[in-house]
1. Applying the selection to segment B:100-114, what residues are over 13 Å from B:Asp51 (Cβ atoms) and touching a helix residue (DSSP H, G or I) at 6+ places or on another chain (Cβ under 6 Å)?
2. Could you give every pair whose Cβ atoms fall below 7 Å, whose first residue belongs to segment B:132-144 and is at the interface with chain A (Cβ under 9 Å from one of its Cβ atoms), and whose second residue is β-branched (Val, Ile, Thr) and in a helix (DSSP H, G or I), counting only separations of at least 6 or pairs across chains?
3. How many of the residues making up segment B:70-85 are within 19 Å of the chain's Cα centre (by Cα) and either without any contact (Cβ under 8 Å) to a residue 12 or more places away in the chain or within 19 Å of B:Asn101 (Cβ to Cβ) (or both)?
4. What helices (runs of 4 or more DSSP H), lying completely within segment A:1-110, carry at least 2 residues that are under 27 Å from A:Phe485 (Cα atoms) and touching a residue at least 24 places away in the same chain (Cβ under 8 Å)?
5. Quick one: A:Arg18 ticks every box in (1) surrounded by 16 or more Cβ atoms within 10 Å (Cβ to Cβ); (2) more than 27 Å from A:Met444 (Cα to Cα); (3) charged (D, E, K, R) bar one, so which box is it?
6. Is it fair to say A:Glu524 is free of Cβ contacts under 8 Å to residues at least 12 places away in the same chain and of a type in the set (Asp, Glu)?
7. Looking at segment B:118-127, can you tell me whether even one residue there is facing chain A (nearest Cβ under 10 Å), farther than 21 Å from B:Leu193 by Cβ and either free of Cβ contacts under 8 Å to residues at least 60 places away in the same chain or touching a strand residue (DSSP E or B) at 6+ places or on another chain (Cβ under 8 Å) (or both)?
8. Residues A:Ala391, A:Ala404: which one is part of a helix (DSSP H, G or I), in contact with a Leu (Cβ under 9 Å, 6 or more places away or on another chain), over 19 Å from A:Ala270 (Cα atoms) and among the small types (Gly, Ala, Ser)?
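Nothing in this text is a laboratory measurement; each read-out follows from the coordinates by a stated rule. Since this is a predicted model, take the numbers as computed values, not measurements. Neighbour counts run over all protein chains shown; Cβ positions are idealised from the backbone, glycine included.
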Amino acid sequence: MSEASTAKHVSYLDYKGRYKGFLGWILSTDHKRIGLLYLYTMLGFFSVGAILGLLMKTQLIAPGYTIMGPQTYNALFTLHGIIMIFIIVVPGLPAVFGNFFLPIMIGAKDVAFPRINLLSWWLYVIGILIVLTSQFMGDGPPDTGWTFYAPYSFRTPTNVLPAVFGAFVMGFSSILTGINFVVTIHRMRAPGMKWLKMPLFPWTLYGTAWIQILATPVIGITLLLIVAERTLGIGFFDPALGGDPILYQHLFWIYSHPAVYIMILPAMGAISEIIPVFSRKTIFGYKAIVLSTMAIAFVGYFVWGHHMFTSGMSGRALFAFSFLTFLVAIPSAVKVFNWVSTMHRGSLIMQTPFYWAVSFIFVFMIGGLTGLVLGSLATNVHLHDTHFVVAHFHFIVFGGTGFAFMAAVHYWFPKMFGRMYDANWANMGWGVFFIGFLALYLPMFYLGIMGMPRRYYDYLPSFHGGNILSSLGAWVMVAGLLIIFINLVRSARHGQKTSEKNPWNGRTLEWQVDTPPTLFNFDEIPTVTKRPYDYEE
Amino acid sequence: MLEHRDDQGAKLGMWLFLFTELLLFGMLFVVYAVYRSMHPEAFRIAGEELDVVIGTINTVILLISSMTVAMSITAIQKGDKKRALQLLGITLLIAIVFLVNKYFEWGAKFEYGFYPGAGELAELGYGTILFFGLYFFMTGLHALHILIGIGLFIYVIAQVRKDRIHQEDYIWLENTGLYWHLVDLIWIFLFPLFYLIH
């Protein structure tokens, strides 16, 4: 017990457990350290993915061969997709901020299964390593795109097998995190924290965790079938053996569409935390946000067919999927309405997390509304597989999840590191990034409508203008990213030290514990009496 | 780290994991349903090639093993370590026998050339190819789960021996039991779909 009592007042960053130094991190079962492990892994690979994207945009700055040929381009968009989807945005906010803050926000000392939590991170890393071997071994990097569509994924001579198997292993990591969070939320809420007194970020993690549990096994078995097709000659998706490639697309999107909500729900949760704090106002329509979270998680299961409008489906199925797609837009719009209403007549405090949160709403709306353009049947046929689609999902996945991730980093940074970042550099990074982002992706909508297809290294000269703007935007955006990253990394090591518990005047539990938190977060488990975000009293 | 113990929570976690298993196999059942509806006649004829006797034996012994593992939990709850070990031993034995039967069954199919990639199978048409593809993939994945179950039982038996699983703390045994029931349950669906529906 002596170990426990000394741990009470030592920050989790300085705490010395059974292992020292680096081992003390990669073998730690402390949810906060695991959260940071995910953060560092993700930032590393995000940089790789961003550089790949930048190289592709540079190739597209002029028609024809600029810096790479078609095979390299195909390999790059495949790796870019695998990294950004499976390594970054699917684990995303839950793995980093969920791990770090879920237990603290619900008043617990750790997650329900700390050792399984560490196992999740290890599986994640092992999955990444397996994916990486696909780049350096066999007959060259995979060129299928991150979707691994059949039958090309087992006809191409490139090294698809490790990429698919690595994604399969990462699926396990995702499932275990989901199980851990659901059990944690069910069993470990502090006394008095009834379901409707739980903050909104944990609520969105709860919805996300259920999707992780119920959807990930589907991609698991689908990827395993691709492995079986390539190694054992089982032909479920191979027309030459009687299989049906369209069936692969169904199974793939049964997971991969709900996965979009795995990405965006926790992002919405983080935004729902930040908006009331920087408006100094109780969140508008708490219950509506909770309900819409669960509604998105539920309806999100039944819309996968909208990825396949041109693949061949019955007219009735097309109609149903289109209708359900429109339906899922409603709870998303409810959330936007709630955020804006929260800001209405609030005392807005213009600080970095709030800039990110507000710009999140802006880009999320563009991404969401263009999603409806794609969700309606007639326009979809025209826009399918064009740059319009690329712009749409980058507005959602990068504009949505990415902006919310940045908002969350800048919001929780002082609590996580016990240091403050340089606000001026952070704001400037945001500004440059935001301008670059819009310049990069907005022209793509136009190019898509004009008919520029995606996933080609070349294009017709008539698309040149838009592509110049888009490629320049990419460079500006990456410059913004550099400013942000350098500022954050520098501040994490040398920033102004702070032990202030509540720098933003937040109301949730993480702002009542020490900065940085001690090993067990709380000296005594708190009893919750108030609703979260109570500003009016 | 302070060990925090919550058996209810551990069981909830196990149930959630079982959901994921159901969905894993569930999608294979979907694939089965799709191809069965596309090739009903070929599936009917191919199904007659399977050995109903071995299938029935495996079904019966797997059901018995589900019973013995449940009984071993009751024995532990009553503090009867010896009886629990006996029952777990029987369960482990049955799991191994199941795999031995499977080995002979699969071996016979390979002899006749009824396996994916075999030249003989390729001549029998799409429906038959798909049937045997599904048969090997689904029973193979199920056999993998039996293998994992065997590993779990060996671990649990060792823990009971060392008194780490006892009357007051038997959540590992209980969760292993839950897992084993699921493996049993999936077989209960696989058996009629492949062996019985003609």
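1. If the condition is that a residue be over 13 Å from B:Asp51 (Cβ atoms) and touching a helix residue (DSSP H, G or I) at 6+ places or on another chain (Cβ under 6 Å), then B:Gly113 is the only one that fits.
2. Filtered contacts from segment B:132-144: B:Leu134/B:Val31.
3. 0
4. A:31-59, A:70-82, A:99-105
5. Unmet condition: (1).
6. Values: free of Cβ contacts under 8 Å to residues at least 12 places away in the same chain: yes; of a type in the set (Asp, Glu): yes.
Yes; evaluated as a whole, the condition is true for this residue.
7. Looking for residues that are facing chain A (nearest Cβ under 10 Å), farther than 21 Å from B:Leu193 by Cβ and either free of Cβ contacts under 8 Å to residues at least 60 places away in the same chain or touching a strand residue (DSSP E or B) at 6+ places or on another chain (Cβ under 8 Å) (or both), one finds at least one in segment B:118-127, hence yes.
8. So the residue among A:Ala391, A:Ala404 that is part of a helix (DSSP H, G or I), in contact with a Leu (Cβ under 9 Å, 6 or more places away or on another chain), over 19 Å from A:Ala270 (Cα atoms) and among the small types (Gly, Ala, Ser) is A:Ala391.
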